[in-house]
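Input: a single structure, listed below in structure tokens.
Values quoted throughout were computed directly from the atomic coordinates according to the rules given, and no laboratory measurement underlies them. This one's a predicted model, so the numbers in the text were calculated from it and none came from an experiment. In this analysis, Cβ positions are derived from the backbone assuming ideal geometry, glycine residues included, and neighbour counts consider all displayed protein chains.
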Protein chains: 4
Amino acid sequence: MTGSILGERFVVVSFGESHGPAIGAVVDGCPAGLPLAREDIQREVDLRKPADPTASTARAERDEVKLLSGVYRGYTTGAPIAMLVENRDVDSSWYLANAMKPRPGHADYPAWVKYRGFNDPRGGGRFSGRITVGFVMAGAVAKKLLSYTLGAEILAYTAQVGRVKAEPPAVGLRELRRIVYSNSMRAPDSRAAREMRRLVAEARAGGDSIGSVVECVVEGLPPGLGEPVFSSLESDLSKALFSIPGVKGVEFGAGFKLAEMHGSESNDQYTIRGGRVVTVTNNCGGVLGGLSTGGLVVFRAVLKPPSSIAKPQMTVDLKSMSTAEIKVAGRHDACLAPRAAPVVEAVTAIVLADHAIRAGLIPPVLGEAYARAQK
Amino acid sequence: MTGSILGERFVVVSFGESHGPAIGAVVDGCPAGLPLAREDIQREVDLRKPADPTASTARAERDEVKLLSGVYRGYTTGAPIAMLVENRDVDSSWYLANAMKPRPGHADYPAWVKYRGFNDPRGGGRFSGRITVGFVMAGAVAKKLLSYTLGAEILAYTAQVGRVKAEPPAVGLRELRRIVYSNSMRAPDSRAAREMRRLVAEARAGGDSIGSVVECVVEGLPPGLGEPVFSSLESDLSKALFSIPGVKGVEFGAGFKLAEMHGSESNDQYTIRGGRVVTVTNNCGGVLGGLSTGGLVVFRAVLKPPSSIAKPQMTVDLKSMSTAEIKVAGRHDACLAPRAAPVVEAVTAIVLADHAIRAGLIPPVLGEAYARAQK
Amino acid sequence: MTGSILGERFVVVSFGESHGPAIGAVVDGCPAGLPLAREDIQREVDLRKPADPTASTARAERDEVKLLSGVYRGYTTGAPIAMLVENRDVDSSWYLANAMKPRPGHADYPAWVKYRGFNDPRGGGRFSGRITVGFVMAGAVAKKLLSYTLGAEILAYTAQVGRVKAEPPAVGLRELRRIVYSNSMRAPDSRAAREMRRLVAEARAGGDSIGSVVECVVEGLPPGLGEPVFSSLESDLSKALFSIPGVKGVEFGAGFKLAEMHGSESNDQYTIRGGRVVTVTNNCGGVLGGLSTGGLVVFRAVLKPPSSIAKPQMTVDLKSMSTAEIKVAGRHDACLAPRAAPVVEAVTAIVLADHAIRAGLIPPVLGEAYARAQK
Amino acid sequence: MTGSILGERFVVVSFGESHGPAIGAVVDGCPAGLPLAREDIQREVDLRKPADPTASTARAERDEVKLLSGVYRGYTTGAPIAMLVENRDVDSSWYLANAMKPRPGHADYPAWVKYRGFNDPRGGGRFSGRITVGFVMAGAVAKKLLSYTLGAEILAYTAQVGRVKAEPPAVGLRELRRIVYSNSMRAPDSRAAREMRRLVAEARAGGDSIGSVVECVVEGLPPGLGEPVFSSLESDLSKALFSIPGVKGVEFGAGFKLAEMHGSESNDQYTIRGGRVVTVTNNCGGVLGGLSTGGLVVFRAVLKPPSSIAKPQMTVDLKSMSTAEIKVAGRHDACLAPRAAPVVEAVTAIVLADHAIRAGLIPPVLGEAYARAQK
């Protein structure tokens, strides 16, 4: 399969470039009988829009979702679901003027080598974060499916910006979501959110950007989801997460801290609660042997500081093969986590929907669920 | 595709269980014309054998590789290459006696739920680290291919055990490999190796185990390798790495440290050296936008402390649904990195070979290379 | 992978329903550097339009191609190419009135069972021949690619309608194409075309339809194209051909006549012509062991009589589970071959482009070809 | 995916060459909990052995199946099932002496071009009909699965040899199977079998071979199996059938006869029998729109006369690039249908098992069926 296609049974095809006519996604394999409206998708796309001019790009896209196929009378039909948003607020002048000077930290240079100059350089083209609006559209379908069939819910939030770490309160996912969406940093901790915002504002003011971490929590997965060996839950989630521009690391549960732990400490021992087998701790992040344990699935992705910064940087002019200076103009986020969080949710939903279908947890037609919904 | 199959054009099929008749791998898509002997594969398999009784399992497998197809007169034919080793030193008694008591930290419980008890529990069955001998066999083919065609070399080593971190000297990959294979911890730093060894010995003596980190370095990749979007180099490498039992996190370049950095610091600026475009730093780990930059590809995987420990742990008896105590007997590694390092090399080689073929860097038949080799 | 996605390296995603907002296709994996304009695609789509009111549907679609991504400054970029046409001339009333009476010969009944009524019934929905406009759009890209890189050309034509068989003259492909496109039956024999036209007119006048055969010839493929075992050229071509609505049989070379032949007669013996190894006959249809021989690739697909006929037929009412009569109204073709021929060309091009890329015959970037083209 | 791998959820990996150490198959994706013994597979492999020295090769292989993984205590575990038979009765001398003279009708010439001489030429290597023993092993698992879960049964038989066509009596599949296996031609008509046998004996006596047709019937499939568009039942069955060496055509139902029919004649009208919707005729071969109708699935594959004949034929010497004569020695079948019939059954079972899993008709774990089987 080719690089713009993800999944086995719930498959997402991504298309579009930053400054091309449209960004889109096709979902093939969504079961028939899922209630789905254009608004379900629009709502998720809107969450990805910049919440805060401090943190984010000034590019103002309406991002009105068009639903082209696969839905009939308010239910999915089992046919591919094609969706797109048009690119309207496009200004390519800076990119065209600087097409031969690769921006440090961007894909410009390796893409130029790979495609021998045929790739679309405007706004980073196919390598722009803008394409994640397609992930979000596909993810909206996946989220609806997981929620409707398994009752599973996904929440991703900004866990860290610079050295500021959020401390999420011990509340349910619903309440946590409320907190997250009450601040523009999408942090599960209002106090930390304020500090994060300050760091981002500082970075932006200095013509700079700052790194961050998104944490994601999934509630409601039954035990045993995932496929050994190469299609473990961790394998497939990390594959999808690393396709989000800017992600440079992924860890589950205690993650890299496990290097310093002993087995007697890190092993999550079992007990019985409410008649169900549960682990006392969750250092494994809800995944053992690549399979869900039935506990919360928890993982983190680190996002590098956005590469587009106003400060002057050293680069090369590929035409003259001499060194050159570059100041990246254009409209850019100064910190990725706040807008990456919905994208992390989206790709997580896509991978989990795919696995739930593979595992037979979601049938190809939601007939009975539909019947119940009709009552 | 199903869970035991990895790759698109250089495809690896894994089969076998810890205590079944054999562990094997089939490689489909290896170009014709690669010089390959049984010994090339045996050599890599031997590197995976326990080097140190302190760190590792007492299970003594000869692991004699059988090459069943795909090679004729010393060259690959383009047909699938099937390889296997037999399991001989097998003792399943403990597992059969404890099949209903899931070992904390192992896949036992979710696997039992997923397969409703049909999975083979002996030695962890399909979820055992033992299956990685198949990865190593397939990886041996991939390594040979990468080396023969691109001159690319891969080295993985123990970078950390507990709080002890190795400090690799600034030497070439060949010299580094010599150091790594001169100590049983597979560390690129002899002094750290001794401390690591002590930590592992202590853990083992206490009926415990300890966590670790493997770092991997790839030299010799041209710029532009990788496929956007979902098949970025990071996506496909992490997918493969997370299929190694015990891996709980993967990071490229500066990895999670990027959260605390500014863009002006993390961006790898370009310059020209020896007529080639290079980055001055390598915080991106040799990958930008999912494509290789032409610099060293560097990443780390954290390996949890081995879950099989002698210390008593709390679990549940799935038959009676009551809590129970378990002491894991059997023969186990007390630290994963030393034996995981060759496995990390193997899966890295598999992914890179796949990508190099996809990118047209390795042709389907190595005719000309062969011709040159004949001179 | 799911059912609306075809191919490995040149991948086509089909979406859309007969009476939905749009019909489209996404091509992922097209090499960068191919000159491609919207008009290249429009031209092929126009060939699929009804040429003759006698043979074809009265549905009048403008079918104006929109090119949404993957092309920049007249060249493909290596990114996915998304294309669509809108459905405008839609009248769903008959289908809605008869949704519970499956039309004999159509997918209505099994689709209704499979999707439990959630599928879009309007115009056959996802099962309509209308979706082949997406195949043609994707095929246009594939044809251009094959022609530009290998100089390979594909021609499909109406070989048989009822008992009337065309006898193509012994001329080159270019001249044959001229004949084919000079008559509305798309037959390579003007006299047969007239007889075919009469048969179709008779069938239509009687409220009936008639069967046909499309033959396809490919010129310019080098020997050795195809992949053993399951991805033989015949395997992959037939898979694609059987996805064209109405195809019920596929045969290569002498096809079903081989049952009555002896090996001494059917074997294509070799000789040397112009310094090249060629076969004296071509009973194998240019494919041996699933690989191209270097000769003309020749195959035929039988297309059943269109299922939508005005004559009354017996069916069942799925609501009352009683027998019922049905007369299919709406606008339909009376014979499939003339409009199926361009679709056969399209899917053939898609499969061959995929195989040529897999075989390394077409590189991921057409840099050098491009350079030559610029001179 | 690569050429030796078939399927999406029930995946078959084929490996081995005619004169290599072994022929094998790996099945990944077989649900856990299927009762399976080595003998189930051996039985099917034995059916593929030559039944009649008149029709078939003198190569005498014991073909003792080794089952290497995926089965524990008599049930499948959900892990990959690896199986192999060793090649023992091998004589490569003729092939080595004639490696540069491609046999007419064989893959020798295109394979030599494709692999630039690296392919294994002994016995046709990877292109030998011998590899179908791997298909049969995998098919044995698929058949057991279909029978155990859906009660579906598959029967393939010799429908035609030369101009002699069998006329199967109107009896059930079980009785038909008895007739088929009571004659060495595997024909469903004893009288035709005798004539077929005479034709084959004549051909063999004259140093020649003869063509044939295998017909296959599947009973017990529910309506709605199959996936639109590119994964229609016909698409996937034909893909698998064309991977059987010698198949040059595939048709469903009335097949190529549909070219001469009118829609009013070919459309299978619906009625109700025993409370179920059924078609009165079955010209569609049990498949409409790529989905099963619930009726018998019926298709035919034409097998060319075996290419290995003793009569002298013209070929070329690839070393000297001059014409040459060849008389194919070795041990060969004079007619393919009798031994191809079990292979047709095998690949049919593989494709149907894959589709039944994709459609959710067969769950990933056969827990309840198992529970019932335990009573």
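General remarks:
- Inter-copy label distances at B:Ala201, using a point 7 Å along Cα-to-Cβ, come to 5.7, 8.2, 10.0 nm with the shortest given first.
- Rg ratio (alpha-carbon, reference 2.2 N^0.38 Å) - the range A:68-175: 1.52
- Neighbour counting of Cβ atoms within 10 Å sorts the residues D:Lys248, A:Lys49, fewest neighbours leading, into A:Lys49, D:Lys248.
- Mean residue ellipticity, 222 nm, helices only, chain D: the sum of -39500 (n - 2.57) across DSSP H runs of n ≥ 4, divided by residue count and rounded to 500, is -9000 deg cm²/dmol.
- For the protein assembly as shown, the dipole from Cβ point charges (+1 on Lys and Arg, -1 on Asp and Glu) about the Cα centre works out to 0 debye, to the nearest 20.
- Other copies of C:Val278: label-to-label distances in nm, shortest first, labels 7 Å along the beta-carbon direction: 5.5, 5.6, 7.9
- Helix runs (DSSP H) in chain A reaching 27 Å along axis by Cα, Kyte-Doolittle at least 0.0: A:337-358
- Positive-end extreme of charge dipole, chain C - chosen from C:Pro222, C:Pro50, C:Leu352 (charges on Cβ): C:Pro50
- Over 48 Å [Cα-Cα, the protein assembly as shown], rounded percent: 34 percent
- Label geometry 7 Å along the beta-carbon vector: D:Asp89 inter-copy distances in nm: 4.1, 6.6, 7.7
- Using only alpha carbons, the range C:257-312 has a radius of gyration to Kirkwood radius ratio (Rg to Rh) of 1.25.
- For the options D:Arg204, D:Arg300, D:Arg273, a Gaussian network treatment of chain D with springs between C-alpha atoms closer than 10 Å singles out D:Arg273 as fluctuating the most.
- Normalised contact order of chain A, rounded percent, pairs of Cα under 8 Å and 6 or more residues apart: 23 percent
- Once C-alpha pairs closer than 8 Å and six or more residues apart are averaged by separation and normalised to the residue number of the range B:234-298, the relative contact order reads 28 percent.
- 20 Å Cα-Cα reach of A:Lys165 towards lysines, excluding residues that sit fewer than 8 places from it in its own chain: A:Lys248, A:Lys257, A:Lys304, B:Lys257
- Cross-link reach list, aspartates and glutamates versus B:Lys101, counting only Cα pairs under 17 Å and skipping chain neighbours closer than eight places: A:Asp268, B:Asp120, B:Asp317, B:Glu325
- Of all lysines in the structure, those lying under 20 Å Cα to Cα from A:Lys66, and not within fewer than 8 positions of it along the same chain, are A:Lys49, A:Lys143, A:Lys144, C:Lys66.
- Among A:Ser212, C:Ser147, B:Ser69, A:Ser320, the order by Cβ neighbours within 10 angstrom, fewest to most, reads A:Ser320, C:Ser147, B:Ser69, A:Ser212.
- Neighbour-count ranking [beta-carbon atoms within 10 angstrom, fewest first] of C:Ser92, D:Ser182, B:Ser243: D:Ser182, C:Ser92, B:Ser243
- About its Cα centre, the dipole of the range B:5-361 is roughly 620 debye, where the only charges are +1 on Lys and Arg Cβ and -1 on Asp and Glu Cβ.
- Based on the convex hull around the alpha carbon atoms, the range B:5-361 presents an average projected area of 18.9 nm².
- At 1.306 mPa s and 10 °C, Stokes D of the range C:210-252 from Kirkwood alpha-carbon radius, µm² per second: 132 µm²/s
- Shape of the range C:111-241, Cα gyration tensor, a/c cut at 1.5: oblate
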